[in-house]
Amino acid sequence: MGLTLTEKILARAAGRDRVVPGENVWVNADLLMTHDVCGPGTIGVFKKEFGATARVWNPEKIVLIPDHYIFTADERANRNVDILREFAQEQGIRYFYDIVDRANFKANPDYKGVCHIALAQEGHTRPGEVLFGTDSHTCNAGAFGQFATGIGNTDAAFVMGTGKLLLKVPATMRFTFHGEMPPYLLAKDLILHAIGDIGVAGANYRALEIDGDTIARMSMEERMTLCNMAIEAGGKNATIAPDEVTFDYVRQRTAQAFVPLYADGDASYHSHRHYDVSRLEPVVAKPHSPDNRATVREVAGRKIDRVYIGSCTGGKLTDFLHAAQLLKGQQVKVPTYLVPATQKVYDDLHATQIDGMTLADIFTNAGCFEPAAPSCAACLGGPKDTFGRLNEPEVCVSTTNRNFPGRMGNKQAQIYLASPYTAAASALAGTIADPRDYL
Amino acid sequence: MAAVVRGKVFVVDDNIDTDQIIPAEYLTLVPSKPEEYEKLGSYALVGLPDRYGQFVADGAIKTEYPIVIAGENFGCGSSREHAPIALGAAGVQAVVAQSYARIFFRNCAATGELYPCESQERLCEGFATGEEAILDLEALTLTKTATGEVFALAPLGDVKPVIDAGGLFAYARQTGMIGAPIS
């Protein structure tokens, strides 16, 4: 019996020929990522358990990315970035994407923004490797044919000191997407469909393997959107087999060698679902759960208070390009917040044009707020002064990934998770709206 | 940790995510700093909808409920270790849920903050917040004090040695993976 892609990667990282779902194996990490929210706690556990003068396992393989609570007057939040900086200096951490001047993020060339997109953009997500991150959306990097999963501070501190972690091998659920994507559908619709089918615990303790001819034609950014939300079904990780699209993306960003892995033809799967994308419709996840799926047609016309386009899931260049297609030459009817995931995305909004007009100009002409400083921002609420935070019980259509009560701030706020097309159409309508009526 | 936990239960239902256990605005608190650890406890479960009632009284640091009873998929969402830590810091000794989200369960084991017990049947409708219960971690039972009803818990399985050792680091030392801290 062959191995799935996740099993293949874990077996190699454990120095074994094969692994079996359910068994616990010590796995060697290729990379550990942490950020300003979980980094200081991870460092605290590391110092307590390994000693005040302990050295990290490999200063080249730890990536520190301040991204969550950056543009805030909150003193503890600011201190947490200082803790990362001191640790980076003390340990000689090579990849620390620092921000010092909060008043003007552009004055910080090293500052990236949202960790999952920064990791990809800086060439840290490589096929066949094992990435641990102190953030549940670390599964985003599975789009590169990598084993990538979110862990807590204590596990991360262990990896920081040893480069290893004890993992239970997950069984793999396979999702195959066939057919030509209709012009009104985006990757976000596909993953919301799948999560709606299996539920928020439907992939608990399991890996997702996503494939099919639809995926083969998808850009890396759209593939990331799919893998990013595996955790919303409880998944440990998600993988997409690497191909030329993957290799092109990675090689443009790093010279570091990698050895890709692939699932065996006779691999054994927990289950296998097939989707004909040509038959799927734009969908949203209604409040207050990512599996609370409805077609946009079913909820169209519901009045909304604002639209939010941003985050690791929905704040990449591709996401803004899709939104701009609908917003060009139109006027939004509700406040529309735009938060580029990274500084690179921010720059690209000012450099990328549709019919001679930059995306940034398209958005401001349409009445959106100017693209904000790149960070996680209001996706997870954050300190009260966070840009775009739902401080009132408002209704928001958002390209982010979670809509549990209080996720974006106020506990009574209602969040509809949607694709950038649906978010843009809704901004133009002032109600939830189907992108087919605006494309 | 005690093998028997006696006290009032706090009851929630399905898919209680980490934003409800500890809202993101409090994640600036660093759990490895003792005074901030205490503070995290005071905010435990403050993100729940108001209908569940208050878990930690206004101005208090600790909860009066050492046992939390939940439905399915407790702790879904973020990987924040602040979630089991906030509950542990508030004085929770065990959660008894029908099922857990993977990372939350793992963080309970890795930190040794609390026991993530799985009930064999759904208990969140059979118990009301404030009722007294006795949790026996050896016998794997939860007993409702008022009626004497006994409910079975699932064995902890392969995380038990990790929890018994006192968390991931203690387990790794016990099995010779790592040595003592250097000073």
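Summary table below
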{"quantity": "Among the candidates A:V307, A:V277, residue that is more than 14 Å from chain B (Cβ to nearest Cβ), in contact with a Cys (Cβ under 8 Å, 6 or more places away or on another chain) and at pLDDT 95 or above", "calculated": "A:V307"}
{"quantity": "Conditions (1) within 27 Å of B:L135 (Cα to Cα); (2) facing another protein chain (nearest Cβ under 7 Å); (3) touching an Asp or Glu at 6+ places or on another chain (Cβ under 6 Å): number failed by B:A3", "calculated": "(2)"}
{"quantity": "Which listed residue is more than 9 Å from chain A (Cβ to nearest Cβ) and surrounded by fewer than 24 Cβ atoms within 10 Å (Cβ to Cβ), from B:A86, B:A44, B:A57", "calculated": "B:A57"}
{"quantity": "Residues within segment A:16-65 that are in contact with a Ser or Thr (Cβ under 8 Å, 6 or more places away or on another chain), under 17 Å from B:V30 (Cα atoms) and in a loop (DSSP other than H, G, I, E, B), tallied", "calculated": "2"}
{"quantity": "Positions within segment A:104-124 being part of a helix (DSSP H, G or I), within 23 Å of A:R251 (Cβ to Cβ) and of a type outside the set (A, V, I, L, M), in sequence order", "calculated": "A:C115, A:H116, A:Q121"}
{"quantity": "Residues satisfying the stated conditions in segment A:304-318, i.e. closer than 13 Å to A:T352 by Cα and in contact with a Leu (Cβ under 8 Å, 6 or more places away or on another chain)", "calculated": "A:L317"}
{"quantity": "Verdict on B:D50 being more than 8 Å from every other protein chain (Cβ to nearest Cβ), farther than 17 Å from B:E81 by Cβ and not β-branched (V, I, T)", "calculated": "no"}
{"quantity": "Count - residues of segment B:94-118 that are small (G, A, S), farther than 16 Å from A:T154 by Cβ and at the interface with chain A (Cβ under 9 Å from one of its Cβ atoms)", "calculated": "2"}
{"quantity": "Hits in segment B:155-183 - residues which are within 14 Å of chain A (Cβ to nearest Cβ) and part of a loop (DSSP other than H, G, I, E, B)", "calculated": "B:L156, B:G166, B:G167, B:T175, B:G176, B:M177, B:I178, B:G179, B:A180, B:P181, B:I182, B:S183"}
{"quantity": "A:I93 being crowded, with 23+ Cβ neighbours inside 10 Å and in contact (Cβ under 8 Å) with a residue 24 or more places away in the chain", "calculated": "no"}
{"quantity": "Those residues of segment A:125-159 which are part of a helix (DSSP H, G or I) and more than 12 Å from chain B (Cβ to nearest Cβ), in sequence order", "calculated": "A:N140, A:A141, A:G142, A:A143, A:F144"}
{"quantity": "Residue within segment B:66-76 that is at the interface with another protein chain (Cβ under 10 Å from one of its Cβ atoms) and surrounded by fewer than 21 Cβ atoms within 10 Å (Cβ to Cβ) present", "calculated": "yes"}
{"quantity": "Enumeration of residues in segment A:342-379 that are aliphatic (A, V, I, L, M), touching a Leu at 6+ places or on another chain (Cβ under 9 Å) and more than 30 Å from A:G301 (Cβ to Cβ)", "calculated": "A:V345, A:L349, A:A351, A:A360"}
{"quantity": "Subset of segment A:281-299 [among the hydrophobic types (A, V, I, L, M, F, W, C) and either crowded, with 22+ Cβ neighbours inside 10 Å or within 11 Å of A:V397 (Cβ to Cβ) (or both)]", "calculated": "A:V283, A:V284, A:A285, A:V296, A:V299"}
{"quantity": "Filter result for the condition that a residue is over 21 Å from the mean Cα position of the chain (by Cα) and away from chain B (no Cβ under 12 Å), over A:V100, A:V63, A:V114, A:V45", "calculated": "A:V100"}
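The values are calculated or read from the model by the stated rules, or taken from the named source; none is laboratory data. Predicted, not measured: the structure shown is a model, and the values here were computed from it. A quick note on method: Cβ atoms are made from the backbone with ideal geometry, for glycine too, and the neighbour counts reach across all protein chains shown.
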